[in-house]
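Enquirer: Here's a structure for you.
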Amino acid sequence: MSNPAAPRPVTVVTGGSRGIGRAIAERLAADGHDLVITYRVGAAEAEAVAASLRERGAAVLVVQADLEVAEDAARIIPAALQHFGRITGLVNNAGITGMIGDFLDVDPEESRAVFAINDLAPIILSKQAIAHMSTAEGGAGGAIVNISSGAATSGAPNTYIPYAMSKAALDALTIGLAKEFGPAGVRVNTVSPGTTHTEIHAAAGRPNAPAERAGGIPMRRAGEPHEVAGAVSYLLSDDASYTSGAIVRVTGGG
Ligand SMILES: NC(=O)c1ccc[n+]([C@@H]2O[C@H](COP(=O)([O-])OP(=O)(O)OC[C@H]3O[C@@H](n4cnc5c(N)ncnc54)[C@H](OP(=O)(O)O)[C@@H]3O)[C@@H](O)[C@H]2O)c1
């Protein structure tokens, strides 16, 4: 942080136990944040991440929550506030794609889970975080970063159209919140990764998706989680003090 006398930022990262969320949490710890990370089933992974964050000097709270369940989503910000007394940032990172395939093979029940995790949970978390951070509510201001996807603008035909829809909706959350809460000291931005090396592709039934897609990416490779994390850290920092409603693509030019 640029001002060593300033209080440490306290940032909540959903899905911080693996992949992009882990890289975001590690980068934020290195940049002076205290952290709340959440996971659904990967307790051991989450505790390993927490240990690596503490090695970087961060105070850490780990919260188990299944973001498909609204009541679970609603527990995270209160737990963060109980533990740290305040929060300054939220990264809505946890997400699922559903199985890769053609639209006619989409299972609507799976789509329900995609929208619950990728959209409803960020609505719940953002509401609670903004109620705390908004200067209109007596808060000190803050920042939110939503992790969207390049799929939001490609539509992801033959791959996962409902996921693309869920991320387009998340982009609308960013734009609307940035406008509604700009006067209240809360900045809201999106980082949209392109295909990035994580386990999300195996969960979608295509573990080799990064290699398969590399030829169609202008930079001819998939991204690495740390390449997404830097953009998130910037948007949460004072360097981005006049940046809100932005959608930053980290897509290798795609
Ligand atoms: N990787 C890519 O190519 C790519 C591209 C564009 C956008 N994104 C977006 O980036 C974000 C992170 O993706 P990733 O690739 O890092 O995914 P990932 O490796 O599959 O990690 C997902 C994280 O979210 C958590 N999570 C999954 N389902 C959850 C649920 N129901 N409730 C609570 N937590 C849950 C996981 O915790 P558990 O392990 O405990 O389940 C894990 O920490 C997602 O929003 C994704 O859509 C990824």
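The values are calculated or read from the model by the stated rules, or taken from the named source; none is laboratory data. Everything numeric here is computed off the predicted structure, so don't read it as measured data. Because the Cβ atoms are built from the backbone with ideal geometry, glycine has one as well, and the counts that use them run over all protein chains shown.
Enquirer: Just need a number here: residues in the stretch 24-42 that are within 12 Å of the ligand (Cβ to nearest atom) and part of a helix (DSSP H, G or I). Steps first, please.
Expert: We begin by selecting, within the stretch 24-42, every residue within 12 Å of the ligand (Cβ to nearest atom); these are 24-25, 37-42.
Now narrow it down to the ones that are part of a helix (DSSP H, G or I): 24-25.
Going through the stretch 24-42 one residue at a time, the tally reaches 2.
Enquirer: Out of Thr174, Thr159, I need the residue that is buried (at least 18 other Cβ atoms within 10 Å of the Cβ), part of a helix (DSSP H, G or I) and either modelled with pLDDT under 95 or of a type in the set (Val, Ile, Thr) (or both). Which one?
Expert: Just a single option satisfies the conditions, and that option is Thr174.
Enquirer: Scanning the stretch 48-65 for residues that are more than 15 Å from the ligand (Cβ to nearest atom) and in a helix (DSSP H, G or I), which turns out surrounded by the most Cβ atoms within 10 Å (Cβ to Cβ)?
Expert: Arg54
Enquirer: Which ones in the stretch 38-64 are among the hydrophobic types (A, V, I, L, M, F, W, C) and farther than 18 Å from Gly85 by Cβ?
Expert: Within the stretch 38-64, Val41, Ala43, Ala44, Ala46, Ala48, Val49, Ala50, Ala51, Leu53 meet the criteria.
Enquirer: A further question follows. Might you let me know whether the stretch 73-87 holds any residue that is among the β-branched types (Val, Ile, Thr) and farther than 25 Å from Ser192 by Cβ? Steps first, please.
Expert: Initially, the stretch 73-87 is screened for residues among the β-branched types (Val, Ile, Thr), giving 76-77, 87.
Cutting the leftovers down to farther than 25 Å from Ser192 by Cβ gives us none.
Checked against the condition, which is being among the β-branched types (Val, Ile, Thr) and farther than 25 Å from Ser192 by Cβ, the stretch 73-87 yields no hits at all.
Enquirer: Further question: Would you confirm whether any residue within the stretch 14-27 is at pLDDT below 95 and out of contact with any strand residue (DSSP E or B) (no Cβ under 8 Å at 6 or more places or on another chain)?
Expert: Applying the first criterion (at pLDDT below 95) to the stretch 14-27 yields none.
No, every residue in the stretch 14-27 fails to be at pLDDT below 95 and out of contact with any strand residue (DSSP E or B) (no Cβ under 8 Å at 6 or more places or on another chain).
Enquirer: Quickly run through the stretch 210-245 and pick out the residues that are among the small types (Gly, Ala, Ser), surrounded by 18 or more Cβ atoms within 10 Å (Cβ to Cβ) and out of contact with any helix residue (DSSP H, G or I) (no Cβ under 6 Å at 6 or more places or on another chain).
Expert: Those that are among the small types (Gly, Ala, Ser), surrounded by 18 or more Cβ atoms within 10 Å (Cβ to Cβ) and out of contact with any helix residue (DSSP H, G or I) (no Cβ under 6 Å at 6 or more places or on another chain): Gly223, Ala231, Ser237.
Enquirer: Further question: Within the stretch 85-105, is there a residue that is of a type in the set (Val, Ile, Thr) and in a strand (DSSP E or B)?
Expert: Looking for residues that are of a type in the set (Val, Ile, Thr) and in a strand (DSSP E or B), one finds at least one in the stretch 85-105, hence yes.
Enquirer: May I ask you to list pairs of residues, at least six apart or on different chains, whose Cβ atoms are under 7 Å apart, with the first in the stretch 187-212 being touching a residue at least 60 places away in the same chain (Cβ under 8 Å) and hydroxyl-bearing (Ser, Thr, Tyr) and the second being assigned to a strand (DSSP E or B) and surrounded by 14 or more Cβ atoms within 10 Å (Cβ to Cβ)?
Expert: Pairs found: Thr196/Gly223.
Enquirer: Hey, among the residues in the stretch 177-205 that are in a loop (DSSP other than H, G, I, E, B) and farther than 20 Å from Glu68 by Cβ, which one's farthest from the ligand (Cβ to nearest atom)?
Expert: Within the stretch 177-205, the match that is farthest from the ligand (Cβ to nearest atom) is Gly185.
Enquirer: I'd like the residue in the stretch 213-229 that is free of Cβ contacts under 8 Å to residues at least 40 places away in the same chain and near the ligand (Cβ under 8 Å from one of its atoms) and, out of all such residues, is nearest to His132 (Cα to Cα).
Expert: That would be Gly223.
Enquirer: Quick one: which residue in Glu68, Glu45 is assigned to a loop (DSSP other than H, G, I, E, B), surrounded by fewer than 20 Cβ atoms within 10 Å (Cβ to Cβ) and within 10 Å of the ligand (Cβ to nearest atom)?
Expert: Glu68
Enquirer: Ala129 fails exactly one of the following numbered conditions: (1) among the hydrophobic types (A, V, I, L, M, F, W, C); (2) within 10 Å of the ligand (Cβ to nearest atom); (3) crowded, with 22+ Cβ neighbours inside 10 Å; (4) closer than 24 Å to Val41 by Cα. What is the number of that condition?
Expert: The single condition Ala129 does not satisfy is (2).
Enquirer: If you take the residues of the stretch 105-125 that are among the acidic types (Asp, Glu) and closer than 16 Å to Pro157 by Cα, which of them is farthest from the chain's Cα centre (by Cα)?
Expert: Asp105
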